[in-house]
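The values are calculated or read from the model by the stated rules, or taken from the named source; none is laboratory data. This is a predicted model, so every value here is computed, not measured. As a convention, Cβ positions derive from the backbone with ideal geometry for all residues, glycine included, and neighbour counts pool all protein chains shown. When the accessible area is computed, the model is the full protein with side chains, heavy atoms only, and any ligands, DNA or RNA have been set aside. Shrake-Rupley method; radii C 1.70, N 1.55, O 1.52, S 1.80 Å.
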Amino acid sequence: MNCSICNAEIPEGQDKCPHCGAAAQPAAPPEPVKEPKNLKKGLIIGGGVLVAAAAGIGIFMASSNAKDPKTVVVDALKGVYSAENLDPGEEVFGLGQIYGEFSKTGGEMGGSLAFAGSSDPDLSMLTGAGVSIHAASDVANKKFTETVGIQYSGMDLANLTIYADDTYLMAALPEFTSKVLTVNYADDLMGQIEDSPMAAEIEELFTEEEKEAFENYITYLTDIYSGEKTPFDLKALWQRYKEGSQAMSNFKEAMTVTKADSQNLSYDGKEQKCTGYDVVIPKEAVVDFARTSSKFFLEDENFKKDVLEYLKVVMEMSGSQLYGFALDGGLSTPEEMIAQMWEDMDQGVEKAIDQLEKSLEGDVTMKVYVTKSGHLASLDGACRFVFEEEDSLDVKLTAVLEGGSYPTQNGNFKLVLEDETDTMTVDLNKAGEYTDKVLNSSWDLNLEFDDEKIQVTYDNTYDRATGDSQIRISGGEGEEDTVSLTITGIVDELEKGKNFHYTFDSLEIAEETWALSLKLKGEFYLRNLQSEITAPEGEQMDVLKATEEEWEALGEEMMTNLYALILGGGFF
């Protein structure tokens, strides 16, 4: 037992605490704990409070995470042509990938077309006539070649081959001469020209300024070909614009977007409930966007430098004939003229924007509908321009997107321009299908103006299993086609992103008014580099070292072969 006063232990049999002397008292028996009568009710109420609190937190989090109307609309508009959208043609063929490799590492591309018949018997003599082209590039080894051929009655008339590497430029025409014309442009080109046996004749043809301009032009092209110079990099310019210009952010900030009604619209092949939004773009925002964007591009130092450098090289190569008209105005050099051109362009753009500011009456309005997944389902936009003498122009744009493999694969797009007396309507209907079996697309374009109607249709069908393909483009006035182009063929070689070969079984052009049809056959290919690029075969003739006698001998050889070709080819 413990003391009730100091809690010290009291030995058994003693009536006092040995520590404080207090009388020993037995502890009172504990009382049982009684359960509150309203515990169950309290638990229910407490649980309800917790549930309500959790629901409130969930509602708050959901509302705080939801995008505001402006963001929904902007994202939907940007998504129409987003780089992330599926491209069925690229998915199947990979042509963009091949083109990309062509510019980075090299590749081959080319094709041919040959006359195969006509509804006009007088044109039968052209059967077998055609043209062909083959180009190959090896970026790593800095080599390029291109051959353009002309055929007649199935026979090669001429094949001109141009070859270039980091030192030589060569040209060969084997049907006319065994010589390969050669220029070493990398080794003191102007010095070679001055030491040429034909220097006197060259001096008469070119002034010192023109020779220097030619050398600058060759240097400019060589730097581009070697990769040391990359002018007009538009992708980099666009990236700088997005990162460095406030035009887009200011434009978005100025917009007002309010939530409107909802509608059931067709998208991706099914009815979907879409939320409507009323959009107002203030006139000041439109003008500011145009002015800010143009100012950025015109003042971008890299872009300006590339343009001015290119213009200077071209002008110097063209001589005073191109910029001589400015000499009377006091501009004596290409640099001065280019500076004046840039200033004029700047002033011209500013004048156009001023005209926009004067003529645009009021704000630009739009009504858009967006699916639950954030895709743009429809858009109706309108604005009005008022010009001098109170002439006005109403512009209306309607776009109904029905989606598919990408947002604009199916849909209707209409532009209406209307003034006091006339109305012009441009109406485009698109339809497409992309499955594991087919890749089909078609569109109809109708233009109506002043009681005139022009119609153009396009149909493209491709069987992914067999490679069979047909493309038809037709057009004419009213409801009837007067001109049509029909291409029937097969993709007989396909390795996505590496090799594409298309054979034209028939390419037919028909003109109903003249009752004339033409048929052609041919091919088109685009592929990775298949073999090493080599210089043309033949005896090399250095253009700058050749004597007058060698040039005369070359001319005689070419004329002799030309006569033989004409007589042997049955032209007469």
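Quick look at the numbers
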| quantity | calculated |
| --- | --- |
| Length added when fully stretched, residue 238-residue 389, from 0.36 nm per residue minus Cα-Cα | 50.4 nm |
| Centre separation in Å (Cα based) which lies between region 391-466 and region 269-286 | 20 Å |
| Amide hydrogen neighbours beyond the local backbone of residue 535, cut-off 5 Å, H modeled | none |
| Residue 525-residue 443 pseudo-label distance in nm [points 7 Å out on the Cα-to-Cβ vector] | 3.1 nm |
| Segment residue 259-residue 464, extension gain: residue separation times 0.36 nm, minus the distance between their alpha carbons | 69.4 nm |
| 212, 316, reordered so the largest accessible area comes first (probe 1.4 Å) | 212, 316 |
| Residue 357-residue 297 pseudo-label distance in nm [points 7 Å out on the Cα-to-Cβ vector] | 1.9 nm |
| Stretch gain in nm, segment residue 452-residue 365, where the contour uses 0.36 nm per residue and the Cα spacing is subtracted | 28.3 nm |
| Cα-only radius of gyration and Dmax that characterise region 215-289, units Å | 22.7, 67 |
| 3J(HN,Hα) from dihedral phi, region 510-517, Karplus parametrisation 6.51/-1.76/1.60, rounded to Hz, x for glycine, proline | 10, 10, 5, 4, 8, 6, 10, 9 |
| Sparse-neighbour loop sites [GluC sites (Glu not before Pro); region 454-497; at most 12 other C-beta within 10 Å; DSSP] | 479, 480 |
| Leading residue at positive end of dipole, region 404-553 (Cβ point charges), from 543, 456, 407 | 407 |
| Whole-percent pair-distance distribution, where bins are 5 Å wide, for the alpha carbons of region 336-460 | 2, 9, 13, 13, 14, 13, 12, 10, 8, 4, 2, 0, 0 |
| Rg and Dmax [Cα atoms of region 470-564; Å; Rg one decimal, Dmax integer] | 23.3, 66 |
| Where Rh is the Kirkwood radius over Cα pairs, Rg/Rh for region 132-173 | 1.09 |
| Principal axis dimensions, largest first and in whole angstrom, of region 146-199 by Cα | 46, 24, 13 |
| Distribution of pairwise C-alpha distances over region 111-203, 5 Å bins, in % | 3, 12, 14, 15, 14, 13, 10, 7, 6, 4, 2, 1 |
| Alpha carbon convex hull of region 421-541, volume per residue in cubic angstrom | 217 Å³ |
| Loop sites in region 415-503: trypsin sites (Lys or Arg not before Pro), DSSP, at most 12 other Cβ within 10 Å | 437 |
| Computed accessible area, residue 124, all protein chains, 1.4 angstrom probe, square angstrom | 80 Å² |
